[in-house]
Structures are given as C-alpha cells and as structure tokens.
Amino acid sequence: MATAVKPRTASGSAPAALSEARESRYSVVVKTTEQPAPIADQDTDQLIIQRVLAGQRDAFQTLITRYSDPLYRHALCMTGSPDVAEDILQLSFIKAYQHLAEVRGRFDAWVFRIVANGCKDWLKNIRRSHLSYDEDDQPSAYATPDEELDRSELRTDVDKALATLPSSLREAFIMKHVEGRSYEEMADLLGTTVGALKMRVHRAREALQALLEEKYA
C-alpha cells in the first residue's frame, strides 16, 4: 500500500489535543483521497490501526491526537529543547506510520519506545556540554518571577548534572521523578523489568547527589 506522511501544510489542521502554542509548529497529515468513516473517541488503538491498514489513512490522526502531548513532554524533558522535541516527535510518528503493520501489543508502548530511542540517539550525537534545559523558549515550571529568580541557580545546576548522566539513567529518572510514572508503567513502556528500573533510578539519584555535593558541600 502506497502511503505518504508529510508535515502539515498551511491549510492542514492540527490535532485537537495539542496546545495552541504548538499547533502551528507540529502536525502530521496522512494524505488520502478517501472519505473515512467517523472514528469514536472510545475506539481502541488496535481498531484504528486496522482501519489505517485497510486504507483509511486519515484515521492515523486519531492516534497522533491521543499520544502527542505525553510523548512531546517526554522528548522535551530528555532533550531540553522544544525544537528538538518537535522534530523527534514528528519523525517518530512518521516512522510509526510507515511501520504500523509491525505493531505487536500496545500501540502506546510501541510508539513510546520509538520516541525514547529517538531521544537517546539525539543525546549520543551531541556534545554533553551543550545540553541544557535553560533555553530561551523553555517554559518555566515555576509560578512567579520571584520564584524563578530564587531557584534558577539550583535548577540550572540540577539540570546540568542530569544532563551528564548516561541516557538510560536520565530516562529512568525523568520518567519517575518528572513525569511521575510508576515503575510498573515504566517497565511496560520500556520493555524491561521493575528491578532494573529501580536500579537505574537509584544510580541516577546517587550520581546527581554526588555532582551537586561537589558544589554545595
């Protein structure tokens, strides 16, 4: 089946679940000349995949809408760059669309691993000294300018320390302590064991503590 997945053009529409600030920056449109049947919100991922593989290419947009925001947040936490996160997300959905027939099991776990691998590949290909969460267009997690000023130095030091960790430790720490996932969910998404992830998080904590103690001891 011939398929074409392209970034949104000026006339394209963005997924409803994406924030307005990102609508103009990201979307994937699956081109089709067919008129697909309406897709209910409660339709399972597997049913949607079957419709896409049967020729209803626009149905893939429903999967994009369902999973774009959490996947984007993970890529943003891993890379520290909104632009890089957007690129990884778009390329991951393109790859997911092109290999949709290969999905076995849960689609959300499968596409998460594509995004996670994209983040790891990006981290391997840049110099660690260039990694930072403190880019000009990074949204602040703090409520007021005063809080931002008071905590900016510590936040910067924590982010720089986190950026020096191996990608597997950084990924586990972010999933647990930034995204708030359970170890069971992490194991399901990453295809590993709870014990292995607990060890990664523990090692990440120890490494961060050691790096921060060098400055604040």
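For this structure, a couple of remarks:
- Selection count where residues are under 12 Å from Gly118 (Cα atoms) and either of a type outside the set (Gly, Ala, Ser) or in contact with a Gly (Cβ under 9 Å, 6 or more places away or on another chain) (or both), scope region 77-93: 11
- Cross-chain or 6+ apart pairs with Cβ under 8 Å, region 100-122 first and within 14 Å of Ala85 (Cα to Cα) and free of Cβ contacts under 8 Å to residues at least 40 places away in the same chain, then open to solvent by 10 Å² or more (accessible area, probe 1.4 Å) and not hydrophobic (A, V, I, L, M, F, W, C): Ile114/Lys95
- Which numbered condition Tyr72 fails, given (1) more than 17 Å from the chain's Cα centre (by Cα); (2) open to solvent by 10 Å² or more (accessible area, probe 1.4 Å): (1)
Results for (1) touching a Gly at 6+ places or on another chain (Cβ under 7 Å); (2) more than 15 Å from Leu211 (Cβ to Cβ); (3) open to solvent by 60 Å² or more (accessible area, probe 1.4 Å); (4) at pLDDT 80 or above, shown as yes or no for each residue.
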| site | (1), (2), (3), (4) |
| --- | --- |
| Asp136 | no, yes, yes, no |
| Ala141 | no, yes, yes, no |
| Leu149 | no, yes, yes, no |
| Ser152 | no, yes, no, no |
| Thr156 | no, no, no, no |
| Lys160 | no, no, yes, no |
| Leu169 | no, no, no, yes |
| Ile174 | no, yes, no, yes |
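- Qualifying position, being at pLDDT 95 or above and in a helix (DSSP H, G or I), among Ser129, Ser92: Ser92
The values are calculated or read from the model by the stated rules, or taken from the named source; none is laboratory data. The structure displayed is predicted, hence computed values, not measured ones. Note: ideal-geometry Cβ built from the backbone for every residue, glycine included; neighbour counts use all protein chains shown. Just the protein is used for accessible areas: all its heavy atoms, side chains included, with ligands, DNA and RNA removed. Shrake-Rupley method; radii C 1.70, N 1.55, O 1.52, S 1.80 Å.
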